[in-house]
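S.K.: Let me begin by handing over the structure; questions about it come next.
The values are calculated or read from the model by the stated rules, or taken from the named source; none is laboratory data. Here the structure is a predicted model, which means the values were calculated and not measured. Every residue, glycine as well, gets a Cβ built from its backbone with ideal geometry; the counts of neighbours run over all protein chains shown.
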Amino acid sequence: MKRALILMAAAIPALAQQNFDFKLLDKLGANAKGSTNITLNANMLKLAASFIGDGGDSIKSLIRGLTGVYVRTYEFDRPGQYVEADLEPLRAYLRSGQWSKIVDVREASKEASEIYVQALPNDRLGGLVVISAEAREVSVIFISGVMNASDVAKLSGNLGIPDLPDLPNTKKSGK
């Protein structure tokens, strides 16, 4: 029994490292006037950590647990230049995995914000996804890897990640 529990515990981080194929979001950028595309896999994150000075030890230790940081932002000249259905492959991926939607805000102006987390034992996360869809801009932030819930605030404004909204149990301790 102990052996089975140990194997299951070892498998949890591996499950948390599944990645989404961001090529499925390429349709969003077809009519965009501008876009931002940041892709940092585990190797690139290690390289990025080597450029962080001695004062960034907490960020360096956080980066060691990450397997990827992906940011996609598309800006449009006018409303209606992208279809909400273009986000469906990502949402379907999140529904099929061990992800939980913890924030879902819909406004009359058709703006939407969603935050998903992949919860692990001991107040740890296996990933975080933020989807922000406005009339003239769509942003997706996908962070994979094992981290503490309190680490999310440390990522805000770092590694190309825009400032993230305040989440419960996360306090920003500086950039």
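S.K.: What number goes with the only condition from (1) surrounded by 15 or more Cβ atoms within 10 Å (Cβ to Cβ); (2) at pLDDT below 80 that L66 does not pass?
M.R.: (2)
S.K.: Can I ask one more? Can you report the number of residues in the range 100-130 which are polar (S, T, N, Q) and touching a helix residue (DSSP H, G or I) at 6+ places or on another chain (Cβ under 6 Å)?
M.R.: 1
S.K.: Looking at S113 and the list (1) farther than 19 Å from T36 by Cα; (2) at pLDDT 70 or above; (3) of a type in the set (G, A, S), which single condition is not satisfied?
M.R.: (1)
S.K.: Residues of the range 114-137 being basic (K, R) and without any contact (Cβ under 8 Å) to a residue 40 or more places away in the chain, which ones?
M.R.: R124
S.K.: Still on this model: Consider the range 70-99. How many of its residues are at pLDDT below 90, surrounded by 15 or more Cβ atoms within 10 Å (Cβ to Cβ) and not polar (S, T, N, Q)?
M.R.: Qualifying residue count for the region: 1.
S.K.: Could you list, ordered by first residue, the pairs with Cβ atoms under 6 Å in which the first is in the range 30-52 and without any contact (Cβ under 8 Å) to a residue 60 or more places away in the chain and the second is aliphatic (A, V, I, L, M), at least 6 apart or interchain?
M.R.: A49/I63; I52/I59
S.K.: For the range 67-85, state whether one or more residues are more than 23 Å from L25 (Cα to Cα) and either more than 19 Å from the chain's Cα centre (by Cα) or touching a residue at least 24 places away in the same chain (Cβ under 8 Å) (or both). Let's see the steps before the verdict.
M.R.: Filtering the range 67-85 for residues more than 23 Å from L25 (Cα to Cα) gives none.
Checked against the condition, which is being more than 23 Å from L25 (Cα to Cα) and either more than 19 Å from the chain's Cα centre (by Cα) or touching a residue at least 24 places away in the same chain (Cβ under 8 Å) (or both), the range 67-85 yields no hits at all.
S.K.: Now, a different point. I'm trying to understand the selection: among the residues of the range 73-132, which are among the small types (G, A, S) and closer than 25 Å to V152 by Cβ? Steps first, answer last, please.
M.R.: Taking the range 73-132 first, the residues among the small types (G, A, S) are 80, 85, 92, 96-97, 100, 108-109, 112-113, 119, 126-127, 132.
Within the range 73-132, A92, S96, G97, S100, A112, S113, A119, G126, G127, S132 meet the criteria.
S.K.: Same structure, new question: Any residue at all in the range 13-30 that is under 15 Å from M147 (Cβ atoms) and at pLDDT 85 or above? It would help to see each step written out before you state the result.
M.R.: If we filter the range 13-30 for residues that are under 15 Å from M147 (Cβ atoms), which is where we start, we get 13, 15-17.
So of that shortlist, the ones also at pLDDT 85 or above come out as none.
Checking the range 13-30: not a single residue is under 15 Å from M147 (Cβ atoms) and at pLDDT 85 or above.
S.K.: Moving on to the next point. What number of residues within the range 100-142 satisfy the criterion of being under 17 Å from P89 (Cα atoms), surrounded by fewer than 20 Cβ atoms within 10 Å (Cβ to Cβ) and not polar (S, T, N, Q)?
M.R.: Residues flagged as under 17 Å from P89 (Cα atoms), surrounded by fewer than 20 Cβ atoms within 10 Å (Cβ to Cβ) and not polar (S, T, N, Q) within the range 100-142 amount to 2.
S.K.: When the range 20-34 is examined, which residues are found to be loosely packed, with under 14 Cβ neighbours inside 10 Å and either among the hydroxyl-bearing types (S, T, Y) or under 11 Å from L90 (Cβ atoms) (or both)?
M.R.: D21
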